[in-house]
Amino acid sequence: MAGDAAWWQGATLYQVYVRSWLDMNGDGYGDIRGITARLDYLSWLGIDGIWLSPTMPSADQDWGYDVCDYYGVHPDLGTLEELDKLIAEAGAHGIKILLDLAPNHTSSAHPWFTEAASGRDSPRRRWYVWADPGRDGGPPNNWLAATGEPAWQRDDASGQYYLHRFLPSQPDLNWRDPAVHEAFGDILRFWFDRGVTGFRVDAAHALYKDAGLRDDPPAPEGSGLDAEFGLLQSRSANQPETTGLFREWRAIADSYDPPRLLLGETWVGDLETMAGYHGGGDALQLTMNFPFFFAGFTARELSGIVAQTLAALPPGECPVWGASNHDISRFPSRWCGGDERKARLALLILAMLPGALIVYYGDEIAMPDVPVPPGLRRDQMTAGDQGRDHARTPMQWDGTSSGGFTAAGVRPWLPCGDTSRNVAAQHGQPGSVLRLCRDLLALRSAEHRGRIASYRQLPAPEEVWAFQAGQLRVTANMSDRPARVGPGGPVVASSSPGALQGATLAPWSGVITA
Ligand code: NOJ
């Protein structure tokens with residue numbers, strides 16, 4: 001595929017956490033109309049598509065990831081008509097819309113589950129994963145939920161347990177039942193028919209579980225992200241059948257013109273496993289790279305993951321890079337500790353990596369995590385430390401106390417941070433992070449759009465990451481010391497003015513040369 005058919009190659013996707021973007025109706029929650037209202041901004045920024053965090057009706061135990069109706073729009077966020085309008089107006093701006101689809105589990109308030117829980121003989125019983133108690137009368141096996149608690153909830157009426165990989169109010173669907181496949185095939189078509197460009201597929205690696213529900217083994221040392229709470233998730237997730245399901249969905253996606261896009265939330269540590277979800281180029285087109293998200297901000301770690309990723313992906317498949325999202329801390333805090341030089345450098349590197357890029361709302365102004373006091377936290381999944389709320393606070397549009405997110409006097413659903421770092425101020429300031437990000441995305445678009453640029457790492461001192469991406473050469477000094485770098489061509493962009501003086505690259509800065 002070439003050109004528009006594979007538009008995601010070299011594209012920039014922008015993740016909007018809808019509740020935190022812009023509140024148009026003064027209820028303290030961002031909404032779909034708020035996204036439509038800021039399409040001019042996103043078009044100015046130079047993105048190709050928006051991934052909307054969950055928009056479907058939900059019981060809000062996990063803010064949209066506990067779906068009650070796969071065919072609707074959450075009333076706090078808007079209406080189906082407003083979403084249709086957003087899709088149409090975004091299209092007129094040349095921007096595509098991806099929705100978030102949560103197929104691993106529903107809400108326990110979804111009518112499917114209510115029916116399934118009504119008794120062992122319910123025709124929908126098989127849609128979820130039920131099992132008899134283990135030998136000791138406790139949970140059927142040792143699987144753990146994302147909270148660290150057993151992943152099984154006892155149903156007193158039937159004496160059986162149901163599986164929930166996340167909260168007890170998020171029962172896992174049983175992908176071994178063909179009726180579940182049929183139901184989701186219909187859901188995909190419903191949204192594709194409405195003009196949705198594709199889906200980010202939640203918990204994509206976890207959809208199938210071991211058929212015999214065998215225990216997860218203890219995690220060997222160095223299992224990284226594949227281990228949680230000391231167990232290797234080799235039976236509760238990452239089953240080979242999952243790729244077969246994605247092949248089914250890909251056939252549906254490819255039956256549309258233009259073909260629709262499937263972007264998997266593949267939360268796996270092993271890059272070969274991640275690459276497996278592409279099948280032979282006939283399953284997911286894009287898989288999120290969590291080892292990259294979680295790597296240290298060093299030349300050695302990041303360049304190592306890029307090399308391993310490119311080696312692992314099947315030929316012609318497109319890598320995806322990103323550094324912040326709603327589940328993990330924002331990169332200006334996590335990677336950069338609030339140091340703007342580092343945030344500028346990170347954006348320069350990200351913009352030039354070959355493949356697709358996901359920018360999280362606020363990345364473009366180097367918005368940091370915002371500590372949320374315990375009494376104001378909204379995330380129930382991760383109770384300890386900061387949880388995930390610190391990466392979900394309202395977009396900082398201007399320097400007012402509500403950051404321009406909602407009307408004066410309205411209490412936002414999560415508190416605003418220090419709004420001195422905001423879009424309005426940076427928009428008007430040449431050389432700001434926002435203006436740099438926009439310039440970098442324009443360069444990216446000119447050089448990478450519609451293809452996966454060739455990538456070659458170049459020899460450089462240990463703390464310098466130098467690579468050739470297509471026609472351009474990137475040199476990034478990821479250290480506190482000035483670095484001597486080889487002669488390059490004319491400077492096309494740099495992370496800050498004067499970063500390169502002769503052959504000396506300033507600490508934590510980078511240049512792009514022709
Ligand atoms: C991954 C989502 O990104 C996260 O926010 C959610 O809590 C879980 N999946 C469960 O849906």
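In order along the range 400-415, the phi-based Karplus estimate (6.51 cos²θ - 1.76 cosθ + 1.60, θ = phi - 60°) of 3J(HN,Hα) comes to 6, 5, 8, x, x, 7, 9, 5, 4, x, 8, 8, x, 4, 10, x Hz; Gly and Pro are listed as x. When DSSP beta bridges are restricted to pairs lying wholly in the chain, around 60% turn out antiparallel. Is the shape of the range 455-513 best called rounded, prolate or oblate, per the rule: a/c under 1.5 gives rounded, else a/b larger than b/c gives prolate, else oblate, with a ≥ b ≥ c the square roots of the Cα gyration tensor eigenvalues? It comes out oblate by the Cα gyration axes. Computed extension length for Asp327-Leu80: 86.3 nm, one decimal, from 0.36 nm per residue of separation with the Cα-Cα distance subtracted. When only alpha carbons are used to place a centre, the range 440-457 and the range 139-202 end up 37 Å from one another. Taking 8 Å as the Cα distance limit and 6 or more residues as the minimum spacing, I'd like the relative contact order of the range 1-154 as a percentage. In percent, rounded to a whole number, it is 17.
Relative contact order (percent) for the chain, with alpha-carbon contacts under 8 angstrom and 6 or more residues of separation?
On the way: 1126 pairs, mean separation 74.4, N = 514.
Relative CO of the chain lands at 14 percent.
Counting each DSSP H run of 4 or more residues in the chain as -39500 (n - 2.57), what helix-only mean residue ellipticity at 222 nm follows after dividing by all residues, to the nearest 500 deg cm²/dmol? Could you put the intermediate results ahead of the total?
On the way: 13 runs with 125 residues, N = 514.
Computed ellipticity for the chain at 222 nm equals -7000 deg cm²/dmol.
Which FRET efficiency, nearest 0.05, do Ser118 and Phe190 yield, Cβ-Cβ r, R0 30 Å? Walk me through the numbers before you get to the answer.
Values: r = 26 Å, r/R0 = 0.87.
Calculated transfer efficiency: 0.70.
Would you mind checking the tilt of helix 241-254 against the longest principal axis of the Cα atoms of the chain, expressed as 0 to 90 degrees and rounded to 10? Roughly 70 degrees between the two axes. Axis angle, to the nearest 10 degrees, between helix 80-92 and the longest C-alpha principal axis of the chain: 30 degrees. Listed by chain and number, the aspartates and glutamates placed with their C-alpha closer than 16 angstrom to that of Lys342 are Glu301, Asp363, Glu364, Asp369, Glu463, Asp480; residues fewer than eight positions away on the same chain are left out. The local environment of Gly404, defined by Cβ-Cβ distances under 11 Å, has a net charge of -1 under the rule Lys, Arg +1 and Asp, Glu -1.
Counting other Cβ atoms within 10 Å, which chymotrypsin sites (Phe, Trp or Tyr not before Pro) in the range 263-337 have at most 10 and lie in a DSSP loop?
Values: sites: Trp267, Tyr277, Phe292, Phe293, Phe294, Phe297, Trp321, Trp335; in loops: Trp267, Tyr277, Phe297, Trp335.
Listed in order of number, the matching sites amount to none.
Near Asp100, the amide H atoms lying under 5 Å from its own belong to Leu52, Thr55, Arg200; only residues 5 or more places off or on other chains count, and H is placed 1.01 Å from N. Electrostatic bookkeeping for Pro54 treats Lys and Arg as +1 and Asp and Glu as -1; over the other residues with beta carbon under 11 Å from its beta carbon, the sum is -3. Taking packing as the residue-averaged number of other Cβ atoms within 10 angstrom, the listed peptides 498-507, 75-84 run from highest to lowest as 75-84, 498-507. In sequence order, the range 181-194 has phi-based couplings of 4, 4, 4, 6, x, 5, 5, 4, 5, 4, 7, 4, 4, 7 Hz under the Karplus curve 6.51 cos²θ - 1.76 cosθ + 1.60, θ = phi - 60°, and Gly or Pro positions carry x.
Only Cα pairs under 8 Å and at least 6 apart count here; give the relative contact order of the range 418-514 as a rounded whole percent. Could the numbers behind the result be given before it?
Values: 150 pairs, mean separation 20.1, N = 97.
Normalised by residue count, the contact order of the range 418-514 is 21 percent.
Amide H to amide H, with H built 1.01 Å from N, Gln9 comes under 5 Å of Gly450, counting only residues 5 or more places away or on other chains. So how tilted is helix 433-448 from the main axis of the chain? Cα-based, degrees 0 to 90, rounded to 10. Relative to the chain, helix 433-448 is tipped by roughly 80 degrees.
Quick note: the coordinates plus some simple rules give every number you see, no bench work behind them. Nothing here was measured: the structure is a model prediction, and the numbers come from that model. Every residue, glycine among them, receives a Cβ derived from its backbone with ideal geometry; neighbour counts consider all protein chains shown.
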